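Working notes, beginning with the structure itself.
The values are calculated or read from the model by the stated rules, or taken from the named source; none is laboratory data. Because the structure is predicted, anything quoted here is derived from the model rather than measured. Cβ: placed from backbone, ideal geometry, glycine included. Neighbour counts: every protein chain shown.
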Amino acid sequence: MMRLLSWIPLLLALIVLPACTADAPESNEPDAAQTERPDAPAALHDAWAAHGGLDTWRNQRQMRYTLARIAGSDTTRDDHLIDLQTRNVRITNGDFVLGFDGSDAWVQPSLEAFPYDYSPRFYTSTYFYFFAMPFVLADDGVIASDAGTATINGTDYRVTEIRYEDNVGDSPDDVYIVYTEADTGALGLVRFSVTYGDRPPDAPNTALVYNEFATNSGLTLPVEGRYHAWADSTLGDPLGPQFALSDLTFETEAPDSALFAKPDSAEVDPLPGSRADSE
C-alpha cells in the first residue's frame, strides 16, 4: 500500500470509511438493550453467537493487533490500539504515530510522514471496522435489515443489509451487504460502497472475503482477508494486497487516554469538506 504501488488509487476508490465513530457508552458494563439488539435480523444474532457473543465483546475495553498488508514481495506492518468504547485509535510503526482522539485525527511528526495514498483519518478506523465484524454491526446508529439468501461458490449464505442513521460517523451513507454462512452463522464476506470524502452513494461493487479466523478472549474474529471485484452477483478477481492480523489481544481494562491525545507537534488531518480542509 505504499505510494509506489500502482493499484492504490483503485483500492482507495473502493474502500469504505466505516461509520464507527458514533458515541459509545462510557461505562464498562454492557447495556442490556445494546447487547440484545432485538431489532436486528436473525442472521446477525446468529453471527454474534457464532463469533463469541455480544456480552463477551462488550466486556472488552481495548483491542490490539498488528496489521500487515502483503502485496507481492512488499509488506508493511502497523501496530493498532483501539479503545473499544470511545473508539479512540493509536497506530504506530517506525515512521509515524497516527491517533484519533474522538474528534481529530493527527499524525506525528507530520502528515507527510504518513506513507499511504489516502487520508490518515480514513485509515484510523477502516481496517478495525472490517476485522471487528460482526460485532461493530451492533453499534448505535446501525440499521440492519434482512436481505434474503445467496449462494456463492457453492456456499449458502444469509444476507444482511447495513445502513446508518443520519450523522453517524464520517460517512453515514455507507452501505454494507454482509454474508453469513447459513449453517454456522459465521462471517464469510462483506460487500460495500464508499461515500467518504463526499463521494455519492453507489451500489456495493467490491467484496472483502475473509479467509482465516482466530479466537482470543472468547471472541472469534477474521484475521486474514482480501478484496475482490463483484459484478452480476458473482465474486470476481482479487484486488490489491492481502491483509493479515497478528498478535490479536483484548483487555477488559481501559487504555491510558493520554495515548490518544494529540501532541503539540502533531498535524491534524481534517475531514474532507471541513473548513480546516478548505483553508
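Which of the following residues is crowded, with 21+ Cβ neighbours inside 10 Å, more than 19 Å from the chain's Cα centre (by Cα) and either not acidic (D, E) or not in a loop (DSSP other than H, G, I, E, B) (or both): R158, R121? Exactly one of R158, R121 is crowded, with 21+ Cβ neighbours inside 10 Å, more than 19 Å from the chain's Cα centre (by Cα) and either not acidic (D, E) or not in a loop (DSSP other than H, G, I, E, B) (or both), namely R158. So which residues in region 29-46 are exposed (fewer than 14 other Cβ atoms within 10 Å of the Cβ) and either assigned to a helix (DSSP H, G or I) or at pLDDT 95 or above (or both)? Of everything in region 29-46, those that are exposed (fewer than 14 other Cβ atoms within 10 Å of the Cβ) and either assigned to a helix (DSSP H, G or I) or at pLDDT 95 or above (or both) turn out to be A32, A33, A42.
Kindly indicate whether any position in region 93-103 is part of a strand (DSSP E or B) and among the β-branched types (V, I, T). Taking every residue of region 93-103 in turn, at least one turns out to be part of a strand (DSSP E or B) and among the β-branched types (V, I, T). When I143, I82 are checked against the criterion of being assigned to a strand (DSSP E or B) and surrounded by 17 or more Cβ atoms within 10 Å (Cβ to Cβ), a single residue qualifies: I82. Among the conditions (1) touching a residue at least 12 places away in the same chain (Cβ under 8 Å); (2) surrounded by fewer than 20 Cβ atoms within 10 Å (Cβ to Cβ); (3) closer than 30 Å to D183 by Cα, the only one that T151 does not satisfy is (1).
Among residues of region 51-62 that are more than 13 Å from V136 (Cβ to Cβ), those with a beta-carbon under 6 Å from a residue that is part of a helix (DSSP H, G or I) at least six positions away or on a different chain give the pairs D55/T35.
Under the condition of being of a type in the set (S, T, N, Q), surrounded by fewer than 15 Cβ atoms within 10 Å (Cβ to Cβ) and part of a loop (DSSP other than H, G, I, E, B), which residue from region 206-254 is modelled with the highest pLDDT? Going through the qualifying residues, I end up with T252. Restricted to region 95-135, and to residues there that are among the β-branched types (V, I, T) and at pLDDT below 95, the residue that is nearest to T184 (Cα to Cα) is T126.
Among the residues of region 175-205, those that are assigned to a loop (DSSP other than H, G, I, E, B) and modelled with pLDDT of 75 or more comprise V175, A182, D183, T184, G185, A186, S193, N205.
Could you please let me know if A49 is surrounded by fewer than 17 Cβ atoms within 10 Å (Cβ to Cβ), among the hydrophobic types (A, V, I, L, M, F, W, C) and either under 25 Å from P270 (Cβ atoms) or modelled with pLDDT of 95 or more (or both)? Spelling it out, A49 is indeed surrounded by fewer than 17 Cβ atoms within 10 Å (Cβ to Cβ), among the hydrophobic types (A, V, I, L, M, F, W, C) and either under 25 Å from P270 (Cβ atoms) or modelled with pLDDT of 95 or more (or both).
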